[in-house]
Amino acid sequence: MHLDASTPALVSGGASGLGEATVRRLRKAGCPVAILDVDMERGERVAGDCGALFIATDVTDAGSVRTAVEAARAAHGVARLAVTCAGIAPGAKTVGKGVAHDPALFAKAMAINLMGAFHVASIAAEGMVGAEPMGGGERGVLVNTASVAAYEGQVGQVAYAASKGAVAAMTLPMARDLARDGVRVMGIAPGLFLTPMLEGLPQEVQDSLGKTVPFPPRLGNPDEFAMLVQHIARNQMMNGEVVRLDGAIRMAAR
């Protein structure tokens, strides 16, 4: 897939972190980009800064996602690339201080991280399969964001790991479902990246976390995630796989 003015893109969670970096890189490539996010202030700021379209969207609500995808289509045409970055990382043990994990918090993580990715990917794919094929019969690409927690969830990450594990698990069957229609599906499992979740930590803590990465011994730059999204979009043989982007880290229990 060529990334240019003829390849509209959607990025959920595009108002900050990995999603924002992806929006900015795709805009530099010339793609019309729609940001789907609940954060109106940040979303409008990023959109205004790089010339994207912001659409207030609750990814947990399929109706909200459908409305957003249709609005993006009306503005830019059918999305040929959809990247799902919206997510939260709550911290709570299965039993903490003698009390079971809050089921509402677990459900919220699943609703945003898993169902949000599913809603955006499936509704975006609906438009792709009905579009005219591009080079090599390809009609579109979906990139879902998992996490290394899908494989090595740490203490207090039961909800987060479960949601990201499910995102990783749906990559292959989704790719198989859409193969006949020329739509590829990939996942990215980032390690420790300098996103808003880590930016709030003291610098010494950030440095300490970075040193746990074998190489390079630092936190990932969100643009490095965006670079991989760009490569996936361009490389037609990348399909049905979750790629770890983690500097060879394997997370310890704590």
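Name the shape class, rounded, prolate or oblate, that the alpha-carbon gyration tensor gives for the chain, where a ≥ b ≥ c are the square roots of its eigenvalues, rounded holds for a/c under 1.5, and otherwise prolate holds if a/b is larger than b/c and oblate otherwise.
prolate
Say we join alpha carbon atoms closer than 10 Å with springs in a Gaussian network model of the chain; which of V129, V69, V242 then has the biggest fluctuation?
Maximum fluctuation in the GNM of the chain, among the listed residues, is at V129.
Can you sort K93, K164 from fewest to most other Cβ atoms within 10 Å of each residue's own Cβ?
Fewest to most other Cβ atoms nearby, the residues stand as K93, K164.
For a quick check: with amide H placed at 1.01 Å from N, whose amide H comes under 5 Å from A34's, ignoring anything fewer than 5 positions away on the same chain?
Result for A34 returns A9, L10, V11, L53.
Report the residue, chosen from L114, L209, L142, that carries the largest GNM mean-square fluctuation when the chain is represented by alpha-carbon nodes joined by springs under 10 Å.
Highest fluctuation of the listed residues: L209.
Tell me the mean residue ellipticity at 222 nm calculated for the chain from its helices only (DSSP H runs of n ≥ 4, each -39500 (n - 2.57), averaged over every residue, nearest 500).
Dividing the helical sum by the residues of the chain leaves -12500 deg cm²/dmol.
Work out from phi, with θ = phi - 60° and the Karplus expression 6.51 cos²θ - 1.76 cosθ + 1.60, the ³J(HN,Hα) of each residue of the range 73-86, listed in order in whole Hz, and give x for Gly and Pro.
5, 5, 7, 10, x, 4, 5, 9, 9, 10, 10, 9, 10, 5
Reachable aspartates and glutamates from K164, Cα under 17 Å, same-chain residues fewer than 8 places away excluded?
Excluding near neighbours in sequence, the set is E152, E241, D246.
Taking the chain as a Gaussian network, Cα atoms linked when under 10 Å apart, which of T145, T212, T84 shows the biggest mean-square fluctuation?
T212
Under the rule of at least 5 residues apart or a separate chain, name every residue whose amide H is placed under 5 Å from the amide H of I88.
For I88, whose amide H was placed from the backbone, the distant partners under 5 Å are N113.
Just to be sure I understand: of the beta bridges DSSP finds with both ends in the chain, what percent are antiparallel, rounded to 5?
Given both bridge residues lie in the chain, the antiparallel proportion sits at roughly 5 percent.
Classify the range 1-86 as rounded, prolate or oblate, taking a ≥ b ≥ c as the square roots of the eigenvalues of its Cα gyration tensor: rounded when a/c is under 1.5, otherwise prolate if a/b is larger than b/c and oblate if not.
The shape class here is oblate.
Using r as the Cβ-Cβ distance of A248 and T94, and R0 as 35 Å, what FRET efficiency do you calculate, to the nearest 0.05?
With R0 = 35 Å, the Cβ-Cβ based efficiency is 0.75.
Which whole-angstrom value gives the distance between the alpha carbon centres of the range 163-209 and the range 1-77?
Each part's Cα centre sits 18 Å from the other's.
Could you tell me what % of all Cα pairs in the range 144-217 have separations over 21 Å?
It works out to 41 percent of all Cα pairs.
Here, each number is a calculation from the coordinates, and none is a lab measurement. Computed from a predicted structure; not experimentally measured. So basically every Cβ, Gly included, is an ideal-geometry build from the backbone, and we count neighbours across all protein chains shown.
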